[in-house]
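One structure, as structure tokens, below. Some questions next.
The values are calculated or read from the model by the stated rules, or taken from the named source; none is laboratory data. Not measured: the values here are computed from a predicted model. Virtual Cβ from ideal backbone geometry, glycine too; neighbours counted across all protein chains shown. Surface areas here come from the heavy atoms of the whole protein model, side chains and all, with no ligands, DNA or RNA. Shrake-Rupley method; radii C 1.70, N 1.55, O 1.52, S 1.80 Å.
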Amino acid sequence: MASPVSPSTYDGWTREELIARLTELDARSKKRPPSPKPRIKKTFQFNAYSRRKIALKFCYSGWEYGGLAFQNQKTTLPTVEGVLFDALVEARLIDLEGGLDGCGWERCGRTDRGVSAAGQVVSLWVRSALRSEVGTEDNAAKITSSTPHSSETATDPDTKPSPFNHVEGESTTQGLEFGFNEYDLKDEPLNSSLSKSTSIQKEKLEHDYLLILNRLLPPTVRILAWSPVSNDFSARFSCKYRHYKYFFSTNTAPGGALDIERMRIAASHLVGEHDFRNMCKVDPSKQITVFKRKVLNAEIDPISVDAEGNGKYVFNLVGTAFLYHQVRHIMAVLFMVGHGQEDPSVITSLMNVEEGLEPGATEVVDCKPEYQMADALPLLLWDCGYPEGELDWRTTNGTTLSDGDEGGRSELFQQMHSIHLRSQIYTALNNHFLLAASRFHQPKCGASVLSGPSSSLAKLMIPLGGGTYKRTGHDKYTPLLKRNRLDHVDITNERWRLGKGFRRNERKKGLDEEGSIDSPDGNE
């Protein structure tokens, strides 16, 4: 570094020399070190990695989401598939550009807004750390065959290629709570044996799908296990049964306790193959004409009850497939039966859509009576059943559940346990709110007035589950089979085809819509 020039040095300088010196110093001060070259962000090349087809078993809190399946229009709440898809993209396990079709995404059963699941299953192709192994694709090409819901995944070329529409300004990978920790995946890159050479002697392990995804997902969505599957496996069409649970209390609403035995008799009529058009919501856009579904089991089991049988129960319903809102409609009818508003035989009558279809039925009900379905909150998709040996559920990148390795499950169990403990605190708080209110307010009708299901006042209250009920607005209860009937399903379908359906088809003329309509499965 040059030493500073003392003021005496310039004593003998002329005016021109001083100006030249100042010009030199000014030019020198303006010199800057060369700017570093901009870093070019490399595009992740998915075709440089192997892929494999897997199944994911996961649970989610339905009240936090606008349903399982993504919606083409903007929704108030995000969808479960939306946050799961975003987590898979962020982990670079699937390609954003390909959308759902690109990874062969298939779900087992579609749940509606507010409905939860403890054993939902999706199947898809994901990036693998293994190369040229059984069950993997080397330099995997895009899946060209359309999935059964391919039209739902179509994206506008002028918009971001993500097929999901989340709430604006909200991130699906939020900060975690209830014992969860935040991780920076940039500090812990994915362990891919394809990006660097490894020793032949070192055992190759698959990506730890559970650890990666649960770090990115919100605590209301948890991946429970994953399984390698065959190339032709379908989470939807390989499923043999779906098991739903509906939780309820005997004291569903003012008007006395439910008669569980009457409800059990009514539920027993559901077992077998029946036509459930009067116990579902008809969606004309799906143009469904066959409403027969097979119920394998329908039982009401106690959860926590006292000596008199009062307390909490669960309705277990197992079937091969379900119609739209079928479980909630069935539960609504069971509530009417349990409250003494309907006879258990009403179930048989509702399924008797043609003369002689249901033995013992005295009336043909070919059009659905008007009634409100049960609340969504207590409904849970508990399990999805598959043929034995088709799935091998794992919790780590190399250990099966039968190996007795608790390491991959202990952390997740602790997280779920923390949520459960917190929910108990909410229950205690709400109980004390009720106690505080009881000091100043009493129920409108005491137990002496509403002594049981036979009370006339009780008949004016229609329980809907989840602590909700509906007033009839009439002095007398109108029996279900005496109410106004909706149009026949054939008329409803025809009206849609000639109206809204025709206009939609005109707008989409020239496009391949094969697979755009979901065939009935586990929709609820």
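Compute the accessible area per residue over the range 207-302, keeping the other protein chains in place, probe 1.4 Å, unit Å².
Per-residue accessible area for the range 207-302 comes out at 36 Å².
Moving to a separate point now. Determine ³J(HN,Hα), in whole Hz, for all residues of the range 209-216 in sequence, where each value follows from phi through the Karplus function 6.51 cos²θ - 1.76 cosθ + 1.60 and θ = phi - 60°; x replaces Gly and Pro.
Along the range 209-216, the couplings run 4, 5, 5, 5, 6, 5, 5, 9 Hz.
Turning to a different aspect of this structure: Mind jotting down a quarter of the surface of the convex hull over the alpha carbons of the range 251-376, in square nanometres, one decimal?
8.2
Given a Förster radius of 25 Å and the C-beta distance between D366 and F247 as r, what FRET efficiency does 1/(1 + (r/R0)^6) yield to the nearest 0.05?
Working from the Cβ atoms, E equals 0.15.
For the pair I265/A27, report the inter-label distance in nm, with labels modelled 7 Å from Cα in the Cβ direction.
10.8
So, one more: Going by average Cβ density within 10 Å per residue, which order do the peptides 106-114, 486-494, 429-437 take, highest to lowest?
Averaged packing, sorted descending, gives the order 106-114, 486-494, 429-437.
How high is the relative contact order of the range 11-103, in percent, with contacts defined as C-alpha pairs under 8 Å that are six or more residues apart?
Taking the mean separation of contacting Cα pairs over the length of the range 11-103, I get 14 percent.
Go through 81-89, 55-63 and give me the packing order, highest mean Cβ count within 10 Å leading.
81-89, 55-63
Peptides 215-224, 18-27: what's the order by average Cβ count within 10 Å, highest mean first?
215-224, 18-27
Could you pull out the pairs from K57/K245; K240/K281; K312/K470 whose alpha carbons sit more than 19 Å apart here?
K240/K281; K312/K470
Quick check: pseudo-label points 7 Å beyond the Cα along Cα→Cβ at K476 and D392, how many nm apart are they?
Distance between label points: 6.7 nm.
Please list T362, T9 from largest to smallest accessible area, probe radius 1.4 Å, with all protein chains kept in place.
From most exposed to least exposed: T362, T9.
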